[in-house]
Structures are given as structure tokens and as C-alpha cells.
Amino acid sequence: AMLIHEVNGKSLGDLANFDMTARFTELGIAQRLSDTRLNGLKQIEKMILALI
């Protein structure tokens with residue numbers, strides 16, 4: 001849900017420049033996730049960028 005909130009309604013340019021890991025670190029979420037979960041988020045980020 002957090003990911004959808006962060007990317008929903010953004011322009012393609014905004015999505016191309018969006019750093020999901022940095023944003024989740026700013027929110028204090030990344031520090032609470034396991035390495036496996038963070039890697040999953042990075043894979044989702046790559047998939048989003050591939051669609052642009």
C-alpha cells in the first residue's frame with residue numbers, strides 16, 4: 001500500500017527519478033525491513049522503471 005501511494009499519480013518523469021529505497025529510508029521504513037524485503041522493493045522499482 002505504501003508503494004502504491006508513493007507512485008500513484010506521478011508523471012513518467014517523476015517515476016523515472018523516483019528513488020524508492022531513499023524514500024523508504026526517509027520515512028524510517030527501510031531500516032525496519034530485512035535485506036530480503038529491501039531486495040524485493042528494489043526489484044519492484046526496476047520493474048516500474050522498465051515499464052516507463
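I'd like the carbon and sulfur percentage of the solvent accessible area for the chain, probe radius 1.4 Å, heavy atoms only, ligands and nucleic acids excluded.
Numbers: 2190 of 3920 Å².
Exposed carbon and sulfur together represent 56 percent of the surface.
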Rounded to the nearest 10 Å², the accessible area of Ile52 at probe 1.4 Å: 80 Å²
Helical contribution to [θ] at 222 nm, DSSP H n ≥ 4, -39,500 (n - 2.57), averaged over the chain, rounded to 500: -19500 deg cm²/dmol
Cα Rg, Dmax (largest Cα-Cα span) when computed across the chain, Å: 10.8, 30
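The values are calculated or read from the model by the stated rules, or taken from the named source; none is laboratory data. Remember, predicted model here, so these are calculated numbers, not experimental data. Areas reflect the complete protein model, heavy atoms only, side chains present, ligands, DNA and RNA absent. Shrake-Rupley method; radii C 1.70, N 1.55, O 1.52, S 1.80 Å.
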